[in-house]
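Step one of this worksheet: look at the structure below.
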Amino acid sequence: MLEEVETWLNRRSWSVADRPRHQLVAAKRATGQRVSVVLPALDEEATVGDIVSVIRGELMTPAMPLVDEVVVLDSGSTDRTSEVAAAAGARVVHRDSVLPRIPALPGKGEVLWRSLFVTSGDIVCFVDADLKEFSADFVTGILGPLLTDPDVSFVKAMYDRPLGSAAGQGGRVTELLARPVLNMHWPRLAGFVQPLGGEYAARRSLLERLPFPVGYGVELGLLVDALHTVGLDALAQVDVGVRKHRHQDGQALGRMAAAIYRTAQLRLARGHLVRPVLTQFERGDDGFVPRTYTVDTAERPPMAEIDEYARRRVA
């Protein structure tokens with residue numbers, strides 16, 4: 001590990017316990033910063049309501065006014081995600097209603113990008129909507145450094161990720177793809193425990209300057225681009241405990257890995273095109289059948305370059 005990264009680990013890695021909630025409230029009041037929490041959601045009726053309820057019940061009260069708004073960005077759910085989220089107290093926004101001039105593309109990064117247009121926080125926290133046994137520490141942890149240290153611009157959560165009953169065996173794409181790629185090509189990011197984790201927060205002033213890969217590559221893309229935009233010392237991570245969520249099957253993880261690799265490849269060699277498809281195999285009645293999927297390659301430009309966003313900021 002680079003000496004710079006070892007120094008960074010000592011300076012910019014914390015535990016959620018290092019900043020008690022009352023300290024965060026005092027810092028928020030002193031700086032006047034607004035905080036938005038965004039949950040990107042697609043068919044998450046089983047978990048989204050509990051997450052919203054915990055945030056509202058613990059972090060949006062007169063005694064603990066840490067979060068100013070919680071927004072669920074629904075990217076086309078066919079279940080009751082929107083109804084459950086609204087009943088729990090979230091403001092629900094449907095992806096296609098945001099910036100309708102720009103036709104929506106499928107993908108998680110797409111809704112994260114559009115969320116910048118419909119939120120008002122100076123700090124924006126992203127939290128996946130499939131978390132089980134959700135703790136408000138996921139939010140307070142990633143908020144803490146941003147509220148208390150003006151030199152920090154981007155904070156990732158770190159945590160243990162069990163796979164069923166096996167401790168520490170989650171995060172398969174992280175260990176098999178993302179960590180090797182980062183260590184080899186962006187070694188200054190080798191200290192991040194969960195580089196692909198969906199729980200992170202950043203200053204709006206940074207997020208609006210970054211391009212957003214529309215699909216699964218969004219976490220790696222934002223992390224790499226944040227490094228190049230504000231430098232390693234402006235990035236941080238906070239230990240928030242254990243993350244439990246719905247796991248995907250191996251083939252879905254393969255498609256995720258392909259999109260993440262493509263995101264890395266674009267940043268390594270802008271304009272150098274490779275064939276952006278992935279062929280996988282499923283057993284059929286007569287043997288193995290190839291299935292070919294398109295790999296996400298689209299990226300949204302920095303939100304600051306969108307005319308509607310610029311006009312809204314001026315207004």
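The values are calculated or read from the model by the stated rules, or taken from the named source; none is laboratory data. Bear in mind the structure is a predicted one, so any value in this text is a computation, not a measurement. Cβ sites come from the backbone with ideal geometry, for glycine too, and all protein chains shown count toward neighbours. In case anyone asks, the SASA skips ligands and DNA or RNA and just uses the protein heavy atoms, side chains included. Shrake-Rupley method; radii C 1.70, N 1.55, O 1.52, S 1.80 Å.
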In whole µm²/s, the translational diffusion coefficient that Stokes-Einstein assigns to the chain, given a Kirkwood hydrodynamic radius over C-alpha pairs, 4 °C and 1.567 mPa s, equals 65
Counting only DSSP loop positions in the stretch 128-229, the trypsin sites (Lys or Arg not before Pro) whose Cβ has at most 16 other Cβ atoms within 10 Å are R209
Of the residues P103, L39, G254, the Cα lying farthest along the dipole of the chain towards its positive end, which is defined by charges on the beta carbon of Lys, Arg, Asp and Glu, belongs to P103
Computed from the beta carbon distance with a Förster radius of 25 Å, FRET efficiency for D285 and A252 to the nearest 0.05 stands at 0.65
Candidate cut points under trypsin sites (Lys or Arg not before Pro) in the stretch 7-105, DSSP loop plus at most 10 other Cβ atoms within 10 Å of their own Cβ, are R101
Residues other than P301 with Cβ under 13 Å of its Cβ, Lys/Arg counted +1 and Asp/Glu -1, net out at -4
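What is the gain in length, in nm to one decimal, between T61 and M184 on full extension, counting 0.36 nm per residue of separation less the C-alpha to C-alpha distance? Present the calculation step by step, with values, prior to reporting the outcome.
Working: separation 123, 0.36 × 123 = 44.28 nm, distance 4.52 nm.
Extra length from T61 to M184 when fully extended: 39.8 nm.
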With the charge dipole of the chain built from beta-carbon charges (+1 for Lys and Arg, -1 for Asp and Glu) about the Cα centre, the Cα from M60, V152, Q194 projecting farthest to the positive end belongs to V152
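Please compute the contact order of the chain in relative form: average sequence separation of alpha-carbon pairs under 8 Å and at least six residues apart, divided by the residue count, as a percent.
Values: 586 pairs, mean separation 64.0, N = 315.
Once divided by the residue count of the chain, the mean separation gives 20 percent.
Take D285, D151, D239 and sort them by solvent-accessible surface of the protein heavy atoms, 1.4 Å probe, largest at the top.
Numbers: D285 160, D151 105, D239 65 Å².
Descending accessible area places them as D285, D151, D239.
Would you mind working out the accessible area per residue for the chain, using a 1.4 Å probe, and quoting it in Å²?
Working: 13910 Å² over 315 residues.
On a per-residue basis, the chain sits at 44 Å².
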Magnitude of the Cβ-charge dipole (Lys and Arg +1, Asp and Glu -1) of the chain about the Cα centre, nearest 20 debye, reported as 600
Among V214, V173, V16, the residue with the largest mean-square fluctuation in a Gaussian network model of the chain built from Cα contacts under 10 Å is V173
Any lysines whose Cα falls less than 21 Å from that of K244, other than same-chain ones fewer than 8 residues away, would be K108, K132, K156
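How large is the Rg to Rh ratio of the stretch 40-129 when both quantities use alpha carbon positions and Rh follows Kirkwood? Walk me through the numbers on the way to the answer.
Values: Rg = 12.9 Å, Rh = 13.4 Å.
Answer for the stretch 40-129: 0.96.
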Computed from every Cα-Cα pair in the stretch 81-208, P(r) in 5 Å bins starting at 0 and rounded to whole percents is 2, 9, 15, 19, 21, 17, 12, 6, 1, 0
Of every hundred units of 1.4 Å-probe accessible area on the chain, the number belonging to carbon and sulfur atoms, as a percent, is 52
On each of the three principal axes the extent of the alpha-carbon atoms of the stretch 110-162, given in whole Å and largest first, is 32, 28, 15
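Kyte-Doolittle cut-off 0.0, length cut-off 18 Å along the helix's own axis using Cα: show which whole DSSP H helices in the chain pass. Don't jump to the answer; show the numbers that get you there.
Working: long enough: 250-268 (26 Å, 0.18).
Flagged H segments are 250-268.
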